[in-house]
Amino acid sequence: MGKKHREQVEKRQKDALKDTGVTIIAVDEKGQSPFDIIEGIHRLKAGEFVSLTGDRTWHPDQRTVTVRFLDNDIELPVTPHVLALLTQKPIFIFSPFASALKNIIFIALPPLRSKPKIRLTASRP
């Protein structure tokens, strides 16, 4: 569909979700504003959920965290972990899948708590 039609469909979807209490704040993949992070912190502290892309980075300069996945070290965006640490809220990992019956199935893991790894280095005078 054309760009104009896509924008109209997206607006209708956002409006329909807003009527159910869901607010969508879209972030440009080329960069994020510090205000987006502040908004996320505010929403989490208010007891709301914040959904972030946690499985891929958007640009090469994005900060990442190394995690073990299927016996390999991979790099994932650090932002969900930073928000969890700052707000003391758990991370919920979920993913939708399309089934053979054309249903959407959501798989969710139990909540995870981010734990900081603190590295202390001794400085010499």
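Net charge dipole, the chain: roughly 200 debye, given to the nearest 20, about the Cα centre with Cβ charges of +1 for Lys and Arg and -1 for Asp and Glu.
Just checking the listed ones, 76, 17, 52: in the Gaussian network model of the chain with Cα springs under 10 Å, the one fluctuating most is 17. Projecting the Cα atoms of 105, 91, 9 onto the charge dipole of the stretch 3-108, computed from C-beta unit charges around the Cα centre, puts 9 farthest toward the positive end.
Once R0 is set to 22 Å, what does the formula 1/(1 + (r/R0)^6) return for the Cβ-Cβ distance between residue 53 and residue 101, expressed as a FRET efficiency to the nearest 0.05? It would help to have the intermediate numbers written out before the result.
On the way: r = 27 Å, r/R0 = 1.23.
Efficiency, from the Cβ-Cβ distance: 0.20.
Expressed in Å, the radius of gyration and Dmax of the Cα atoms of the chain are 18.0, 68.
With Cβ to Cβ distances under 14 Å as the rule, what net charge do the other residues near residue 80 carry (K, R +1; D, E -1)? Taking every other residue near residue 80 into account, the sum is +3.
Bear in mind these aren't lab numbers, they're just calculated from the coordinates by the rules spelled out. Note that the coordinates shown come from a computational prediction; the quantities given were computed from them, not determined experimentally. Note that we place each Cβ from the backbone using ideal geometry, even for glycine, and neighbour counts take in every protein chain shown.
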